[in-house]
Structure formats: structure tokens, C-alpha cells
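Just so it is clear, none of the values below were taken in a lab; they were calculated from the coordinates. Please read all numbers here as calculations on a predicted model, not as lab measurements. FYI the Cβ positions are ideal-geometry reconstructions off the backbone, even for glycines, and counts take in every protein chain you see.
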Amino acid sequence: ATDNSRITSVICSALVIPAAVYFFRVFNSRVVTLSFIAIYCFSLPSIEVAQDDRVYSLAILLATMTTGLWFRVFCTDTPSNKIQLCILLLTSSLLSYSHYFGTILVFAQGVSVGLFFPWNRTIFKKWCVVYLGSFVLFLPWLPIALRAANLPNFWIQPPKISFFFQMPELLTGGSARLQVGFYALLCLGGFAGLKNKTYGFFQIKLLLFWTTLFFVIPFCLSYFTLPFLTPKYLLICLPVFLLTISLLIRELPRKARLPCLILWVAMSGQHVRDSQYYSFIRKNDLRTLTYELVDKTNSSSPVGLICCANAPIYCTHFLQKWGHRFELLAMECHSGKISDIVNNSTAAKDKEYAVVFDKDVASDQNDITWPQLENQFSALPVKSNGYWAWLLKRR
């Protein structure tokens, strides 16, 4: 099943390219289409999603189609035919079904019609067909979505306030140079569009509004109600973000466009190389960490697991997945209680303990020692992309 879903991810990610060629014709600019394709192909988030065993790439493909169709239906003087309206209705509905964050993007697009366009009979008819129709088609799934919203708890932790300002970091794959490049493009391209009063500047405003709303809505809901915001889900907005960059490049002077695109692709490719993405067989931080723990344990009895990480459910899931016997002694444990937990557990003579910490633990705590355990155990550090653990072996 995992291999099949990965193949589906690869296919959907590849289809984004012809979808962009076809649906982005509405912008009447080869610069926009070619820039989008080049940036998409060398983007670390798109490469990660293309090989994920969860089909986020399907939502990205549908988001690409929906975005191009939306501009075709609502932003052109050419009358929209019924086929285009029906296709936009279909892609918007499928986007909502593909992932619940897709619903947020559809909602943002629907809201922007009312905020950025003068309402008339034609606009109102289009809006009703697309968004009331999408809501009706989503109704069969609505009870399941509401049932999930009423869960008392979830494995995702509430977001921190700082997460709200990490939008460019997430969508550029964490590259500081690309973040600086995005802000530079935003200033230069935005200023050029504002100065020349181009229609492209209006399109950029729309895309920035979608991206902002796509972050604000799940952040507020996760902060005040049930947490469901995780960085991977936000990548569904990746086509909108990359299209924004492409439109900003188009707003630059003609001679500056190609050098700017080449520079962006070069920095993006270098970031993919520096990330050493293909150097790790297992991509998930906790998954890799737990694999390393299993590889380093040689105890015949169950290893005692003390989880100080924010995602103990993930940790125990992966440890069980690798087929090793682990006995969960504590979840979301404070580091100061580790000695008591070890001493109070009924342990065999050759018992080992794995103490897993979260990436949010301050670096000055990485050398934590427990005097009460020094005579009994030797501590072997295990690290993986931010997460780290102590494997306590009997002396």
C-alpha cells in the first residue's frame, strides 16, 4: 500500500507540470508558466511531497488546476462557458475531499470574490454555481468532518505564536536564502507593479490574500480549539505561493527576469543538495530516530521507553513498526523525573532504556546527566534531524 501511494504521489506531482502549462494560459505570459515550472521542479517541498506515501501531491495538483481555472472564470473579460464553470466546481469539490486543508483554500478563493470584485448578476451567478455547488457536493462528507472536529484530543500539538510568522520558511523548505529572495522579490516586483498599476499587481494581491488566509484560519482554530495544524498540510498552498513568485518575476524589468529566475533556481537546487535529502533512507525525523534506536539496542528483554517528545504516539508507532519490543513507561515526561521512572520500574538485569526528547528542547540541555543513574548505566546519544535520545545501557 505504501509503494502504491508513493507511485500515486509521483504521478500527481508530474501532472502538475502539464496542468500548469494548460491552466496558466490565462495569464498570457510564458514567463509566468515557465517560471512556475522551473521553481516547482527545484523546490524542496515539492520534491518531498512527490515521494510521500501520503498523497498530498493530489491536493497540490488540484490546487494548481483550481487556481488557474479561478482566474479564468472570475478575472477575464471573456465570458466563461458552462464547461469551465463545471470544471472549476468539480476541481474545487475534489480539492475539499482530497484533504481538509483543501477546503480552506476553496474557502479563501470564495471569500476573495466578494472582497475584490464588484458584485453584479454575472459574478453572483458564477459564485453560486461554484461555491454553493461545492458546499452541496461536500455535504456527504460534512458529518465525518464535524465528528473529527469534536474529538477531545489529537496527536497534533497546539501551535506556538511564532509559527504564525513561518509561512515563507515552510513554503521554501527552510532555506534562509530563498526567504530573503522572496522578500526581495516582493519589494521589487510589488513596487514595480504598484508604480505601473499593472493588472498583475492585482493578481499578486489575490494570491497573497489566499496564502495569508490559508495560514490564519487553521492557526486560529488550532490555537483556540482542537489542534490540527501541521507544516506538511500547509504545502497544499504551495502552487499559490510559487505562482506568486512567478508573477513577481514577471513584474520585474524584462532584462532582469531571466537572471532572477536562474538565481532562484540555483539557490533552490543548492538548498536541495545541502539538505542531503537523499542521504537518508527514512525521511521522517522521529521515524529515523526510532530506527537508529532499534539498530543500537541488543537487549533480549523489552526496552523501556520514556518519551519526553511532543509526539509520543508517533514514537511508539514507529518503534512497533520496526518490530522491536518496547515497553512504554512514560509519555510526555519531564526530564527531571527520568531517574525516578527508571528506578521504580521492575527491570530485568539486562534492561535498557530509551529516553526520547523533542527538537524544541534547548541545546544547553543536550548534555543532561542523571547522577542517580551514572553507576548503573552508560548513556549513548542518538540524534536525527533535530530529535535526539539517550539510550541507557546497563554497565
Region 1-151, Kirkwood Rh and Cα Rg, ratio Rg/Rh at 0.99
Of 238-245, 157-164, ordering from highest average Cβ density within 10 Å down gives 238-245, 157-164
Residue separation between GLN51 and LEU15 times 0.36 nm, minus their alpha-carbon distance, gives in nm 11.6 nm
Candidate cut points under trypsin sites (Lys or Arg not before Pro) in region 186-218, DSSP loop plus at most 12 other Cβ atoms within 10 Å of their own Cβ, are LYS197
